[in-house]
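Visitor: Structure provided below as structure tokens; questions to follow.
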Amino acid sequence: MSGNRAVAYVGPGEVEVHDIPYPTLELKDGPGVNPANVGRKCNHGVILKVVTTNICGSDQHMVRGRTTAPEGLVLGHEILGEVIEVGSDVEFTKVGDLASVPFNIACGRCHNCKEGKTGICLNVNPDRPGSAYGYVDMGGWVGGQAEYVMVPYADFNLLVFPDADQAREKVRDLTMLSDIFPTGFHGAVTAGVKPGSTVYIAGAGPVGLAAAAGAQLLGAAVVIVGDLQEERLAQARTFGCETVDVSKGDPKDQIEQILGVPEVDAGVDAVGFEARGHGAGSATEAPATVLNSLMEITAAGGALGIPGLYVTGDPGGIDDAAKVGALSLSLGTGWAKSLSFTTGQCPVMRYNHGLMMAILHDRVEIAKAVNATVIPLDDAPRGYQEFDKGAPRKYVIDPHGMLAA
Ligand code: NAD
Ligand code: ZN
Ligand code: ZN
């Protein structure tokens with residue numbers, strides 16, 4: 001085996017498919033690789049032949065030039081693949097296993113990992129706790145929007161499917177286990193959703209739709225999804241969600257029309273720092289809008305699940321404060337109402353096994369909910385463009401044509 005092809009970020013608004021080195025069980029130098037990680041031996045790792053790898057809204061922040069991602073960074077943190085080589089320290093994972101890769105890279109050995117906080121592993125990113133494949137400031141682990149990828153600490157990280165043939169039948173659903181399904185579900189869980197809850201989810205992108213499907217699994221009575229893109233709201237309505245169009249005004253009033261009261265039990269932010277304003281303000285960015293409106297809408301004593309991403313540096317921020325990630329929050333509202341907040345990377349491993357079982361036993365149709373759309377590797381630039389324009393789709397790259405076949 002020698003070559004490898006992968007999706008690389010080449011500059012604002014642009015990705016290309018590049019030839020890159022075939023992965024080895026050692027982290028080599030390359031675009032975005034932290035110097036302290038260069039030469040890191042990964043005998044605990046495996047090489048995967050990538051079966052599916054999805055494009056994420058988190059990738060779009062980089063591709064829009066809204067981060068400090070370097071040119072040439074190989075993208076891709078949502079990976080499902082077949083094990084084709086195992087390192088000498090891998091004990092349980094076998095060649096031929098089909099597995100989902102949590103987007104968080106975790107060592108399984110630090111005290112955060114031991115407590116299940118795999119989104120903030122202490123040993124994988126020299127800069128700060130927490131890491132991911134193909135992501136700026138995350139240690140430099142090479143991304144998986146590629147034909148082949150190396151996964152470190154494989155026995156700990158991989159979710160191996162119990163029956164590879166059965167799993168192949170449901171790959172379009174199972175590919176959502178690496179990120180958006182657990183992430184959306186985590187948003188709903190941390191917002192306190194339980195049987196009978198009323199829920200407002202800001203954002204009808206793939207994470208918002210996954211949060212909606214997650215809230216339904218948890219037994220919510222009413223799931224309301226807000227966005228300003230009508231096609232995405234229509235997608236939410238295909239599986240029983242109520243919708244509000246935030247370009248028509250504050251979600252609060254539209255929620256009152258649906259529920260009879262202007263508040264919900266649980267609020268989820270599936271938008272993040274590139275949020276638009278509401279009503280007439282929706283033409284422009286207003287990064288604190290979603291958080292402030294969720295504090296207003298969520299009932300006293302409730303909780304906000306905040307999977308939407310917020311950054312510490314944003315070259316495209318609307319003002320000097322936003323450029324360093326400082327937002328104008330009306331925290332007093334949240335404090336007065338005793339609201340709780342959960343932010344950060346979703347600890348995928350906390351949920352992926354259970355959600356896999358729900359998929360395999362037909363309890364949920366996540367691929368349908370997010371409108372999974374399979375494309376070849378060479379079409380990744382088109383996928384990025386269409387997704388950026390708000391296509392109501394979750395793009396799934398099929399680098400070896402295995403699903404197309
Ligand atoms: P996306 O960009 O496709 O979706 C965001 C949606 O929010 C868009 O449809 C946009 O029109 C809408 N929007 C903008 N302003 C709004 C507002 N004021 N109210 C309602 N909707 C508004 O992205 P995605 O893939 O669905 O991801 C959503 C967010 O979740 C991103 O910030 C992403 O980085 C983040 N994310 C976090 C994690 C995690 O572990 N915490 C994992 C995956 C993704
Ligand atoms: Zn993702
Ligand atoms: Zn760890």
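Visitor: Which of (1) modelled with pLDDT of 95 or more; (2) among the β-branched types (V, I, T); (3) under 21 Å from A204 (Cα atoms) is the odd one out, the single condition T333 does not satisfy?
Guide: (3)
Visitor: What number of residues within the range 117-147 satisfy the criterion of being in contact with a His (Cβ under 7 Å, 6 or more places away or on another chain) and of a type outside the set (A, V, I, L, M)?
Guide: Residues that pass the stated criteria total 6.
Visitor: Now a separate question. Mind checking which pairs have a first residue in the range 326-346 that is over 15 Å from G119 (Cβ atoms) and a second that is modelled with pLDDT of 95 or more and surrounded by fewer than 14 Cβ atoms within 10 Å (Cβ to Cβ), Cβ under 7 Å, 6 or more apart or different chains?
Guide: Once the first residue is over 15 Å from G119 (Cβ atoms) and sits in the range 326-346, its partners that are modelled with pLDDT of 95 or more and surrounded by fewer than 14 Cβ atoms within 10 Å (Cβ to Cβ) give K337/A300; S338/A300; S338/G301.
Visitor: Tally up the residues in the range 359-397 that are in contact (Cβ under 8 Å) with a residue 12 or more places away in the chain, under 18 Å from the mean Cα position of the chain (by Cα) and either under 23 Å from R5 (Cα atoms) or in the same structural domain as A213 (by TED's automatic domain parsing) (or both), please.
Guide: Final tally of qualifying residues: 12.
Visitor: Within the range 135-188, how many residues are of a type in the set (D, E, K, R) and under 15 Å from the mean Cα position of the chain (by Cα)? Step through it out loud before you land on a result.
Guide: Filtering the range 135-188 down to residues of a type in the set (D, E, K, R) leaves 137, 147, 155, 163, 165, 168-170, 172-173, 179.
From what is left, the residues that are under 15 Å from the mean Cα position of the chain (by Cα) are 173, 179.
Here the count works out to 2.
Visitor: Something else: Say whether the condition of being within 16 Å of ligand 2 (Cβ to nearest atom) and under 16 Å from A204 (Cα atoms) is met by at least one residue in the range 342-363.
Guide: Among the residues of the range 342-363, not one is within 16 Å of ligand 2 (Cβ to nearest atom) and under 16 Å from A204 (Cα atoms), which makes the answer no.
Visitor: Identify the residue in the range 111-130 that is more than 16 Å from ligand 1 (Cβ to nearest atom) and in a loop (DSSP other than H, G, I, E, B) and, among all such residues, is nearest to L48 (Cα to Cα).
Guide: That would be N123.
Visitor: Grab the strands (runs of 3 or more DSSP E) fully contained in the range 45-110, keeping just those with 2 or more residues being within 15 Å of ligand 1 (Cβ to nearest atom), touching a residue at least 12 places away in the same chain (Cβ under 8 Å) and of a type in the set (S, T, N, Q). Steps first, answer last, please.
Guide: Details: elements: 46-54, 78-86, 98-101.
The qualifying strands (runs of 3 or more DSSP E) are 46-54.
Visitor: While we're on this one: Just checking, does the range 88-106 include any residue being more than 20 Å from the chain's Cα centre (by Cα) and within 16 Å of ligand 3 (Cβ to nearest atom)? Give the steps one after another, and end with the answer.
Guide: Going through the range 88-106, the residues more than 20 Å from the chain's Cα centre (by Cα) turn out to be 88-98.
When the remaining residues are screened for being within 16 Å of ligand 3 (Cβ to nearest atom), the result is 89.
The answer is yes, given that some residue of the range 88-106 is more than 20 Å from the chain's Cα centre (by Cα) and within 16 Å of ligand 3 (Cβ to nearest atom).
Visitor: For V264, work out the one condition from (1) buried (at least 22 other Cβ atoms within 10 Å of the Cβ); (2) within 23 Å of G57 (Cα to Cα) it doesn't fulfil.
Guide: Of (1) buried (at least 22 other Cβ atoms within 10 Å of the Cβ); (2) within 23 Å of G57 (Cα to Cα), only one is false for V264: (2).
Visitor: Same structure again: Of all residues in the range 14-40, how many are part of a loop (DSSP other than H, G, I, E, B) and either out of contact with any helix residue (DSSP H, G or I) (no Cβ under 9 Å at 6 or more places or on another chain) or modelled with pLDDT under 95 (or both)?
Guide: Qualifying residue count for the region: 12.
Visitor: Of all residues in the range 253-285, count the ones that are part of a helix (DSSP H, G or I) and of a type in the set (G, A, S).
Guide: The first filter runs over the range 253-285 and keeps only residues part of a helix (DSSP H, G or I), leaving 253-259, 279-283.
Checking which are of a type in the set (G, A, S) leaves us with 279-283.
Number of matching residues: 5.
Visitor: OK, next. Here are D314, D265: which of them is more than 10 Å from ligand 1 (Cβ to nearest atom), among the charged types (D, E, K, R) and more than 18 Å from R64 (Cβ to Cβ)?
Guide: Details: D314 fails: more than 18 Å from R64 (Cβ to Cβ).
Unique residue meeting the criteria: D265.
Visitor: I've got another one for you. Given the criterion within 18 Å of the chain's Cα centre (by Cα), away from ligand 2 (no atom under 16 Å from the Cβ), on the phi < 0 side of the Ramachandran plot and in contact (Cβ under 8 Å) with a residue 60 or more places away in the chain, identify the matching residue among A215, A202, A211. Reasoning before the result, please.
Guide: On the way: A215 fails: in contact (Cβ under 8 Å) with a residue 60 or more places away in the chain; A211 fails: away from ligand 2 (no atom under 16 Å from the Cβ).
Only one candidate passes the filter, namely A202.
The values are calculated or read from the model by the stated rules, or taken from the named source; none is laboratory data. Computed from a predicted structure; not experimentally measured. Reconstructed Cβ throughout: ideal geometry from the backbone, glycine too, with neighbour counts over all protein chains shown.
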